[in-house]
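Colleague: Right, I'll just put the structure down here and ask away after.
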Amino acid sequence: YSLWDRHEKTHDTDDWAYVEFMKKQLCELLTNYGDIVELWFDGFWKKQKTGWTKKGDIIGELAPEDARANRDNAFIESWRNEGAYRWQMDHLYQYIKSIQPDCLVMNNSTTSYPGVPLHPVDIRSGEKYTQPVADQKVWTWLGRELYLPMQIETTMSTKGSKQFPSGNWFWHEWDHSVASKEKIQGWLRVAGQMQANLLLNVGPMASGKLRPEDESALLDVLR
């Protein structure tokens, strides 16, 4: 679900009115289509301007893992003070759970902050992870220790573009590239090593159907 909306005027003019707009859409999704396993929120950065640092920004003589922890914790704090507040994420989370308690909620933390939990969430985002990495699964939130597993997300497209050089999200009429059976199996191995879920993007065509290339590739993996 895209938090960022390029068409709804209240997105840029009235944060609270836009939250009510989102709730109506979420209600439709959560009440008309049976059990929803997961809601993956994307686009939070449109209302968070603070807290961003470059991967190389390390202060002092900290070990790399300590420096990353400091950087990630500072980003989480900025998220709570600005992003989560403007999106009213606590309210949206409770609203979702009031309709479908078992629906998992995830907030895409971008490729700059992979695995950082943008609370409140049930799972964490690891967009475009292709190699296994050490992964913190237990996080402290509001005085409680929470087990928050990782979800690795990547695209079936391999062609890429200026915006997405390693493969396109969404459907593009001109893009017929597709990941090989071996590549998909490699992603599954990485996910298994990290005890993570693997989500593959197979954006539907204008007809609502999946690309034939994607269907064929996924069925081939099962054989």
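The values are calculated or read from the model by the stated rules, or taken from the named source; none is laboratory data. Owing to the predicted nature of the structure, the values given are computational and were not obtained by experimental measurement. When we count neighbours, we look across all protein chains shown, and the Cβ atoms used for this are built from the backbone with ideal geometry, even at glycine.
Colleague: Determine whether Arg71 is modelled with pLDDT under 95, assigned to a helix (DSSP H, G or I) and more than 14 Å from Ile96 (Cα to Cα).
Modeller: yes
Colleague: Report whether or not Ser112 is closer than 26 Å to Asp66 by Cβ, out of contact with any strand residue (DSSP E or B) (no Cβ under 9 Å at 6 or more places or on another chain) and modelled with pLDDT under 90.
Modeller: Yes, satisfied.
Colleague: If only one of Ser180, Ser157, Ser166 is among the polar types (S, T, N, Q), surrounded by fewer than 16 Cβ atoms within 10 Å (Cβ to Cβ) and more than 26 Å from Arg71 (Cα to Cα), which one is it?
Modeller: One residue alone meets the criteria, Ser180.
Colleague: Further question: Could you list, in sequence order, the residues of the range 145-175 that are among the aromatic types (Phe, Trp, Tyr) and within 13 Å of the chain's Cα centre (by Cα)?
Modeller: Trp169
Colleague: One residue is enough: does the range 183-202 have a residue meeting the conditions of a type outside the set (D, E, K, R), in contact with a Pro (Cβ under 8 Å, 6 or more places away or on another chain), more than 22 Å from Pro114 (Cβ to Cβ) and surrounded by 12 or more Cβ atoms within 10 Å (Cβ to Cβ)?
Modeller: no
Colleague: Related question: I'd like the full set of residues that are hydroxyl-bearing (Ser, Thr, Tyr) and under 11 Å from Pro120 (Cβ atoms), limited to the range 68-103.
Modeller: Tyr93
Colleague: Name the pairs whose Cβ atoms lie under 7 Å apart, with the first residue in the range 78-106 and on the phi > 0 side of the Ramachandran plot, the second not aromatic (Phe, Trp, Tyr), and 6 or more positions between them or separate chains?
Modeller: Note: pairs meeting the criteria are Gln88/Val19.
Colleague: Does the range 180-198 include one or more residues that are over 21 Å from the mean Cα position of the chain (by Cα) and of a type in the set (Asp, Glu)?
Modeller: yes
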